[in-house]
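Beneath this line is the structure, given in structure tokens, with notes to follow.
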Amino acid sequence: MIKVLFFGPIAAATGERDVSVAHVPGLTLGSLKEVLAAQYPEAMRLATMMAVNGEHVRDLSLPLADNSEVAFMARFSGG
Amino acid sequence: MKAAVSIQQEDFSQDEEIAALKGSSKRIGGIATFLGCARDFSEGREVTEISFDAYGSMALSELKKLRSEAIEKFGLLDARIVHRIGTVKSGENIVFITAGAEHRAAALEACRWLIDELKQRVPIWKKEITPQGDSWVTPHP
């Protein structure tokens, strides 16, 4: 399973803090985003930043290993 | 002793942060600080409080990386960062950055760099609570 985390405006848009998505062979960050966009279109429109296992990632073609933790994040507004 | 980088709900003491920085090296000749606080007015609306959400583990990790990078990049003797999460009322403190170097230029430049990078790289989000309703903040340049 892939654990997907939502925070701030994206958590507000999805109504969830996290969801689990089944891992399938060949799953990439981009294909995961497409799966989520079907369920949470507004939230995924806000998702301009991504992290895998707590590290910034920009490459949507990145393959995801099973048990990865993925965050789709809106632009940060701390400070 | 309190860690050099922290994310916490409670307010922080600027004096304690500066004392901790000064205590790290007697070679420090200049200390620069940045204090971010909660404004009571934004985008034409009164703001009563701000609610912060964070990807806690990643935010802490990114803050630690920022501190290390700043020390390396500007030749600092030490740097400290504390950021609050949860609810912060207008007028209260949000973030405090201290940078210590042998001379003022490096400390001042590092402080500016740290807050600019923090806003770009650290996964924290703020929601303004106003009498007209709540809204997530769109970042300023």
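Every number in this text was worked out from the coordinates using simple rules, so none of it is lab data. Note that the structure is predicted; figures quoted are calculated from it, not measured. Cβ atoms come from the backbone with ideal geometry, glycine included; neighbour counts cover every protein chain shown.
Structure values in brief
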read-out	value
Nonlocal amide H pairs with A:SER68, under 5 Å, H built at 1.01 Å	A:LYS3
Shielding by partners - mean other protein chain Cβ count within 10 Å, residues of A:66-78	6
Number of partner chain Cβ atoms within 10 Å, mean per residue of B:41-54	1
Percent of C-alpha pairs per 10 Å bin, segment A:2-73, short to long	21, 61, 17, 0
Note, ³J(HN,Hα) from phi for segment B:132-139, Karplus 6.51, -1.76, 1.60, rounded to Hz, x at Gly and Pro	8, x, 9, 8, 6, 7, 8, x
For B:SER6, residues with placed amide H under 5 Å, excluding near neighbours	B:ILE81, B:VAL82, B:HIS83
CD proxy at 222 nm, helix term only [per DSSP H run n ≥ 4: -39500 (n - 2.57); per residue of chain B; nearest 500]	-11500 deg cm²/dmol
Alpha carbon convex hull of chain B, projected area averaged over orientations, nm²	8.2
Highest average packing first - B:127-133, B:116-122, B:58-64, Cβ atoms within 10 Å	B:58-64, B:116-122, B:127-133
For chain A, calculated [θ]222 nm from helices alone, where every DSSP H run of n ≥ 4 adds -39500 (n - 2.57)	-8000 deg cm²/dmol
Calculated from backbone phi, Karplus (6.51, -1.76, 1.60) coupling profile of segment A:59-64 in Hz, x at Gly/Pro	8, 5, 7, 4, x, 9
Pairs of alpha carbons in the protein assembly as shown whose separation is greater than 21 Å (percent)	58
Shielding by other protein chains, B:56-66, mean Cβ within 10 Å	3
Cα long-axis angle, helix A:29-39 against chain A (0 to 90 degrees, to the nearest 10)	60
Whole-number D in µm² s⁻¹ for segment B:43-116, Kirkwood Cα-pair radius fed into Stokes-Einstein, 10 °C, 1.306 mPa s	116
